[in-house]
1. Please verify whether region A:190-197 includes one or more residues that are among the small types (Gly, Ala, Ser) and within 14 Å of another protein chain (Cβ to nearest Cβ).
2. Inside region B:313-335, can you point out the residues that are at negative phi and loosely packed, with under 15 Cβ neighbours inside 10 Å?
3. When only residues in region B:195-233 that are farther than 22 Å from residue A:91 by Cβ and among the small types (Gly, Ala, Ser) count, which is surrounded by the fewest Cβ atoms within 10 Å (Cβ to Cβ)?
4. (1) of a type outside the set (Val, Ile, Thr); (2) in contact with a His (Cβ under 9 Å, 6 or more places away or on another chain); (3) surrounded by 22 or more Cβ atoms within 10 Å (Cβ to Cβ): which one isn't true of residue A:100, the others all being true?
5. Tally time: how many residues in region B:55-78 are modelled with pLDDT under 95, touching a strand residue (DSSP E or B) at 6+ places or on another chain (Cβ under 9 Å) and buried (at least 23 other Cβ atoms within 10 Å of the Cβ)?
6. Would you mention how many residues in region B:301-359 are without any contact (Cβ under 8 Å) to a residue 60 or more places away in the chain and not in a helix (DSSP H, G or I)?
7. Quick test of your reading of the structure: residue B:378 fulfils all but one of (1) under 27 Å from residue B:101 (Cβ atoms); (2) outside any loop (DSSP other than H, G, I, E, B); (3) of a type in the set (A, V, I, L, M, F, W, C). Name the failing condition by number.
8. If residue B:182 meets every condition in (1) in contact with a helix residue (DSSP H, G or I) (Cβ under 8 Å, 6 or more places away or on another chain); (2) of a type outside the set (Val, Ile, Thr); (3) crowded, with 19+ Cβ neighbours inside 10 Å apart from one, which number is that one?
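The values are calculated or read from the model by the stated rules, or taken from the named source; none is laboratory data. The shown structure was predicted, so the numbers you read here are calculated from the model rather than taken from an experiment. So basically every Cβ, Gly included, is an ideal-geometry build from the backbone, and we count neighbours across all protein chains shown.
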Amino acid sequence: MRFAPKQFGLFLARRLAYSAVVLLGVIVVVFALVQLVPGDPVRLALGTRYTEEAYQALRTASGLDRPLVEQFFSYLGNALTGDLGVSFRSGDPVTVLLLERLPATISLAVVGLLIALVISVPAGIWSALHEGKVSDVIVRLTSQFGVSIPDFWMGMLLILLFSSVLGWLPSSGYVPLTEDFGGWARRVIMPGLTIGVVAAAIMTRFIRSAVLEVSAMPYVRTARSKGLASAVVTRRHILRNALVPVLTIVGIQFATILGGVIVVEVVFAWPGLGRLVYDAVAARDYTVIQGAVLLIAAMFLLINLLVDVLYAIVDPRIRLE
Amino acid sequence: MKRRTFVGGFLAVAGLAATGCSTGEGVDLSGGQADFGNPTTGPVLRVAIGGEPDQLDPHSSSAYFTFQVLENIFDTLVQPDENLQMQPSLAESWEISDDQLTYTFTLRQGVSWHDGSPFTAEDVVYSYTRLIDEELSNAYKLAAVSEVTAPDDHTVVITVSQPTPSLLTNLGGFKGLAIVQRNNVESGQIANTPIGTGPFYLAEYASGDRITLRGNADYWGEPVTLGSVEISFISEPSTALAALRSGEIDWTDVVPPQTVEELRRDESLVLESLQSTDYWYLALNLKKDPWSDVRVRQAIAYAIDRPSILQAVAYGTAVENQLAIPETSPWYTPYDTYRLDLDRARELLAEAGFSGAPMELLATSEYPETVVAAQVIAANLAPLGITVQISQPDFSTWLDEQNQGNFDLLMMGWLGNIDPDDYYYSQHHSEGGSNAQGYSNPEVDELLDAGQVEVDVEARKELYARAATIIADECSYIYLYNPSVVQTWLPEVSGYTARADGAIRFGPVTLQES
């Protein structure tokens, strides 16, 4: 693989600038959305019985009495320095709350993604290489089924089977991996499976079409006509070139899992970001919602950036575009 | 306790798949322990509640999940027994002056805070003064108090501006009036690391996951036999139930109402369901025609099918009522004017000259029972020519709509009432702070005013019985039901009592280790 450092540096700089612009856009949108949501957070924080003085005091303390533009710029300035404000409910710094929850979500997402990869990569490739055969039909039907399963339902079925009936696995809770690996593993497996199966179904279909697409390329035909062994063509020409689109879907799925496992985290009482967002939405804890959305968007951008960089390494043509 | 150091997080996003461990420096709070307290030894009781506390300062919180935890950490001056009668707690005894204006409390001796420092009268003065001076959300419970003093270390004198028979209930009715420690408040620690005088102290708080309370070996009351209580937060009822059935937890109140019947028959669990002190009601907007006509309101009360509403929202676990106060309370008044009677309803409407109109019912997605009940009510009122439009905004919008009078009919509940004044004054007095329906009746005002200062219990009961009857006759509220407190636990747990006020107390619990 040839490597042109200057070209690559330029690509990286452009890509970083692009991410920064998107992130700024996200901050604007998140700020605006929260303004548009009905309901007064101060009133909610105080409950049903409170004095007018207490209301005004909290409103002033949280800066909600200042003009919108001023609120936005102070939010932006603070956000860029890592200060996302304090939670309305608990008074804790939002950054601390988010970072406390991040490890649980990441460990769950990694397990979910690994399960998804272990299922989808062989299934997708097998299915593509046996296009139209019975095994292909079975894989396609199974993945169609997997895509349609709601995750909360799958989670509850797993709990019913492995916790209630068989009593093998705990239905809820979390132990940090660093504290007790066995305890962590026993608890992560069911939510991980719930996420992994749904993601695997999506990824299988994607990998299958990527492999099929590459198989139809002229250079594959050329390779075959040169008389190369079928296994060599598959390994060197098809799979290698199918890697780029597959990287994309893996990246997108990982980011989606990181940001979107709210239902699974609620079902399994998993103390991650999704659960935090769920509780924050229920309590109209605006600063926490803002912070969480921002963090999730930032993770999305970061993963996309990594995927793009990997592309550029795998396929130099991309850098030139 | 709650704040943790974090490093692994961002690295992990970068693909290293680290799982957020604590750094070497600072306090390791993910597995950290409180640096105070004298622990008991004994088994661990594992408990699941439906959500996480917002913070742990009893004077600042208004969240139910917070009080479930704080019930076991803090004490109040007096406390309700199972029949909700006030009994000694931090105050061993009290005397009320002949003019009913001075309450002299003698404090229990030898009580210490979880950090070992002695509890004194100064702490009581500090706690109440804080609530009043800082106008914290529970300060209204002390509205009648004009002065709190401590003549010596074991005596507290509370002076009230008028006789206040509800004072003891206000002081002990819930942990929002807990006695807190000055140092703990002034250091700002109380929101995360509260120090109380109760049977348990906070040992560990893993945000989003669980709180561990350790038994307090120096507790002034019955010795605690549990070593600790591990409280986890499970909002999904079927998960909580699975956790209980598989023995991961020993106790929970996160019970799906539709499974109550099945659980009752399950001999491997103990289920307790009892009528709570909360109540749910309908209120018509009295400032709007035609609802200002009492006959129209009564017609609606006759058209509501309470048993169907109960079945729909609570699967039969709630108890129908026609006044606010449940039958289990000493302040209960029998009353059964309204039952489903469409002929009577039509007669009343004809008398009022009402032939039908659209109606907006204000429910809220925050309390799903209001939405479910609204659907039943809509069906109930259709035969009267009333087309019910259900709106279900979020709760803060709901509060705004209510306060601005933008509704024809609304449904809501009042929670955590003990004294009859809690049940009626702010809702039905012309000057009441929560009289959004706009009810005003000079006779009721007089009765409710008299009830606030009448110290003779029997005379007071009569005042409230009379007021409640008029309120229901005139449909200021149309009462629907008292929900139940439903809790379930494993048979190994003993000494636990489910309470009508929903307070969960694990101090007296013993656990048979299997």
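1. yes
2. B:320, B:327, B:330, B:334, listed by residue number.
3. Initial filter on region B:195-233 (farther than 22 Å from residue A:91 by Cβ): B:197-200, B:214-230, B:232.
If we keep only those that are among the small types (Gly, Ala, Ser) as well, we get B:198, B:215, B:217, B:221, B:227-228, B:232.
Working: B:198: 25, B:215: 28, B:217: 13, B:221: 16, B:227: 15, B:228: 23, B:232: 25.
For region B:195-233, the residue satisfying everything is B:217.
4. (2)
5. Here the count works out to 1.
6. Here is the first cut: in region B:301-359, the residues without any contact (Cβ under 8 Å) to a residue 60 or more places away in the chain are B:302, B:307, B:311, B:315-316, B:327, B:332, B:334, B:336, B:339-351, B:353, B:355-356, B:358-359.
With the extra rule that they be not in a helix (DSSP H, G or I), the set shrinks to B:315-316, B:327, B:332, B:334, B:336, B:339-341, B:353, B:355-356, B:358-359.
The qualifying residues number 14.
7. (1)
8. Residue B:182 satisfies all of (1) in contact with a helix residue (DSSP H, G or I) (Cβ under 8 Å, 6 or more places away or on another chain); (2) of a type outside the set (Val, Ile, Thr); (3) crowded, with 19+ Cβ neighbours inside 10 Å except (3).
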